Every structure is written in C-alpha cells, then in structure tokens.
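The values are calculated or read from the model by the stated rules, or taken from the named source; none is laboratory data. Please read all numbers here as calculations on a predicted model, not as lab measurements. Quick reminder, even Gly has a Cβ in these numbers, built from the backbone with ideal geometry, and neighbours come from all protein chains shown. In case anyone asks, the SASA skips ligands and DNA or RNA and just uses the protein heavy atoms, side chains included. Shrake-Rupley method; radii C 1.70, N 1.55, O 1.52, S 1.80 Å.
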Amino acid sequence: MTVTETSQAQPGSADLPLRRNRRFQALWVGGAGAAMSVNMALVAIPVLVLAVTRSAAVAGLYGLVAGVTAFAAGVPAGAMLDRYDRRTLLIVSELVRALAFATLLLALAYDALSVAHLLAVAAVTGAT
C-alpha cells in the first residue's frame, strides 16, 4: 500500500470528516438543542416565577438554588463523566431536566404551583 492509499478516509472508518460522521452529527445536534433549551430556560423560568408569585425575592431565590446546586454538583458530575459513558449521562440528564419542567407545566396547568415545587425544580435543573 502506498502512503496516499492509507491516508484517504474509507467509508465506515474512524477517519471520516466530521461533516459525514453521523455519530458526531447526532451528538452535536443533541448538544446544541440542549444548550439552546437551557439558555431559554435561564430567561423564561425566572420570568415565569416572577409572574406567578409576584415576588422578585422568590425569582432570585430560584436562581440562587439553581446556582448553588450546579456548583455543588460540579465535582461529582465530573467524576461521573470520567467513570461512565458520556452519551448515556447526557441523555439521562436531559430526560431528568425535561421531566422536572414537565412537572412544572402540569402544576401550572392545574393551578397547583407552589414555591416549594419551584425550588425543587430549580434544584433538579441546577444539578443536571
């Protein structure tokens, strides 16, 4: 085999460019979607808390709880990422976050939303 034959990417090999690698594209699309949803939630949820409770203190408390849990979960999350499959952890954490927001929407729809529920959602979403 010549040098040019070995340097060319073969279909199905790990040498495919990233624009043709389906696993990378799926990871990128999933990560981009997750980042977009997190950033939208960073804006929308405190506004929702403010609208529902009419209290800026509770909206600030929501942000505080989310920030403290994100800080506290940082080191254990890093250890988990080193130990377990990152793809699986990404999927599980996004499902947990979606479930937390779904409970928030259900509570809002049934007019059963409480400050404790809001703070629990903040803790879960901060940790994921």
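Table for the structure above
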| item | result |
| --- | --- |
| Reference-scaled alpha-carbon Rg (2.2 N^0.38 Å with N residues) for the chain | 1.47 |
| Selected from 102, 126, 21, residue furthest toward positive end of dipole (the chain; charges at beta carbon) | 21 |
| Acute angle (nearest 10 degrees) that the helix 86-109 long axis makes with the longest principal axis of the chain, alpha-carbon atoms | 30 degrees |
| Crossing angle, helix 22-53 versus the chain [Cα axis fit, 0-90 degrees, rounded to tens] | 10 degrees |
| Per residue, in Å², the accessible surface of segment 20-79 once ligands and nucleic acids are set aside, probe 1.4 Å | 68 Å² |
| Folded to 0 to 90 degrees: helix 56-83 orientation relative to the chain principal axis, Cα | 30 degrees |
| Listed peptides 61-67, 121-127 by packing density, highest first (mean Cβ within 10 Å) | 121-127, 61-67 |
| For the chain, calculated [θ]222 nm from helices alone, where every DSSP H run of n ≥ 4 adds -39500 (n - 2.57) | -27500 deg cm²/dmol |
| Sulfur and carbon atoms: percent of accessible area, the chain [1.4 Å] | 69 percent |
